[in-house]
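Each remark here refers to the structure printed beneath this line.
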Amino acid sequence: MQASVKLDHTVLAVDGEHDVHALVEIAVPEREDADERAPLRLALVLDRSGSMAGQKLRVAKRCAEWLLDRLRATDEIALVTYDDHVDLAAPLA
């Protein structure tokens, strides 16, 4: 297994509090029996509130597409979105 961490800041001032975002990437070797895994049943939950506008929402959508591209025909996924209310956009199928 290989792991790496990428921070959104390289330098921070020490005289205050800061939010620091990190991207953690974990790569695991392909299992020999990878074709034999059980079907997945996932629920993807997307925040579409005002705080997610712009780049954040675009990145979340790209991540969802990345996940969908890796599902198999036997896998099932549901889509839930929320802002000031929760919406089942697509039931498990």
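The values are calculated or read from the model by the stated rules, or taken from the named source; none is laboratory data. Values in this document were obtained by computation on a predicted structure and should not be read as measured data. Every residue, glycine as well, gets a Cβ built from its backbone with ideal geometry; the counts of neighbours run over all protein chains shown. All accessible areas refer to the heavy atoms of the entire protein, side chains included, with ligands and DNA or RNA removed. Shrake-Rupley method; radii C 1.70, N 1.55, O 1.52, S 1.80 Å.
With respect to Arg58, is the statement that it is under 28 Å from Leu92 (Cβ atoms), of a type in the set (Lys, Arg) and part of a helix (DSSP H, G or I) true?
Taking the combined requirement at face value, the residue satisfies it.
Just to verify a result, which residue in segment 76-93, among those that are assigned to a loop (DSSP other than H, G, I, E, B) and open to solvent by less than 80 Å² (accessible area, probe 1.4 Å), is nearest to Pro39 (Cα to Cα)?
Narrowing segment 76-93 to residues assigned to a loop (DSSP other than H, G, I, E, B): 83-85, 91-93.
Next cut, open to solvent by less than 80 Å² (accessible area, probe 1.4 Å) only: 83, 92.
Values: Asp83: 30, Leu92: 13 Å.
Going through the qualifying residues, I end up with Leu92.
I need every pair where a residue in segment 55-82 that is in contact (Cβ under 8 Å) with a residue 24 or more places away in the chain has its Cβ under 7 Å from the Cβ of a residue that is surrounded by 12 or more Cβ atoms within 10 Å (Cβ to Cβ) and basic (Lys, Arg), sequence separation at least 6 or different chains.
From segment 55-82, the pairs are Thr81/Arg48; Tyr82/Arg48.
Taking the conditions exactly as written (of a type in the set (Lys, Arg), touching an Asp or Glu at 6+ places or on another chain (Cβ under 7 Å) and modelled with pLDDT of 95 or more), does Arg48 satisfy them or not?
Considered against the rule, which asks whether it is of a type in the set (Lys, Arg), touching an Asp or Glu at 6+ places or on another chain (Cβ under 7 Å) and modelled with pLDDT of 95 or more, Arg48 comes out as no.
Does Ala64 fit the bill of being at pLDDT 90 or above, under 14 Å from the mean Cα position of the chain (by Cα), surrounded by 10 or more Cβ atoms within 10 Å (Cβ to Cβ) and part of a helix (DSSP H, G or I)?
Taking the combined requirement at face value, the residue satisfies it.
Does segment 10-50 hold any residues that are hydroxyl-bearing (Ser, Thr, Tyr) and either surrounded by 10 or more Cβ atoms within 10 Å (Cβ to Cβ) or closer than 27 Å to Ala93 by Cβ (or both), and which are they?
Of everything in segment 10-50, just one residue is hydroxyl-bearing (Ser, Thr, Tyr) and either surrounded by 10 or more Cβ atoms within 10 Å (Cβ to Cβ) or closer than 27 Å to Ala93 by Cβ (or both), namely Ser49.
Look at segment 4-47 and say how many of its residues are over 19 Å from Arg72 (Cα atoms) and touching a helix residue (DSSP H, G or I) at 6+ places or on another chain (Cβ under 9 Å).
Selection size over segment 4-47: 2.
Determine which member of the set Leu88, Leu71 is of a type outside the set (S, T, N, Q), under 24 Å from Val24 (Cα atoms) and in contact with a strand residue (DSSP E or B) (Cβ under 8 Å, 6 or more places away or on another chain).
Leu71
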